[in-house]
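Only one structure is covered here, and it is reproduced in the block below.
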Amino acid sequence: MRVEENNSNVWRKEKESLPASMTVEASYVMAMVLMALSVLIRTAYGEFCWTTEVMNLHGIVQKQRFREEDQESILNHGQVKKDSGEVEGYVGISGREKEIITKIYEPEEVLRMLTIFSGEGGQQE
């Protein structure tokens, strides 16, 4: 910018090109980068939700395994139920499924098996 010599109050712009400007090609690249970032963030959020639900399923299955009473738990995207000596858990989000089936923890059975294998149980003198 330069001041005219005849009129000191008027500013006049010279036609100059800026050293960096947004071209059409740069705007396409910018759109592709922003779209790639949004897909990456959405995928990370989906993985976070999936991992959280599976961890929640594991925790509830373990709690049900050690409880005495039969009970059913409803999750956001699945359920956990306990019946006939097994705990069954299921979760499904956006086409991905995870199912956990495990036996109920019975410490009496473990103690019985230990006495059988140690040779002390069932012998009379």
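No value in this document is a laboratory result; all are computed from the given coordinates. As the structure is a computational prediction, the values presented were derived from the model and not from experiment. When we count neighbours, we look across all protein chains shown, and the Cβ atoms used for this are built from the backbone with ideal geometry, even at glycine.
Output wanted: per-residue J couplings in Hz (rounded whole) for segment 39-45, from phi through Karplus 6.51 cos²θ - 1.76 cosθ + 1.60, θ = phi - 60°, x for Gly and Pro.
For segment 39-45, the Karplus curve yields 5, 4, 5, 5, 5, 5, 5 Hz.
Can you order the peptides 97-107, 34-44, 81-91 by their average number of other Cβ atoms within 10 Å per residue, highest first?
Per-residue Cβ counts within 10 Å, averaged per peptide and sorted highest first, yield 81-91, 97-107, 34-44.
Using amide H atoms built 1.01 Å from N in the peptide plane, name the residues 5+ places from Leu75, or on other chains, whose amide H lies under 5 Å from its own.
Residues meeting the amide H criterion: Val80.
Which net charge results when you count Lys and Arg as +1 and Asp and Glu as -1 among the other residues whose beta-carbon is under 14 Å from that of Gly95?
It works out to a net charge of -1.
Shape verdict for segment 14-96, please, from the Cα gyration tensor: rounded (a/c under 1.5), prolate (a/b greater than b/c) or oblate.
prolate
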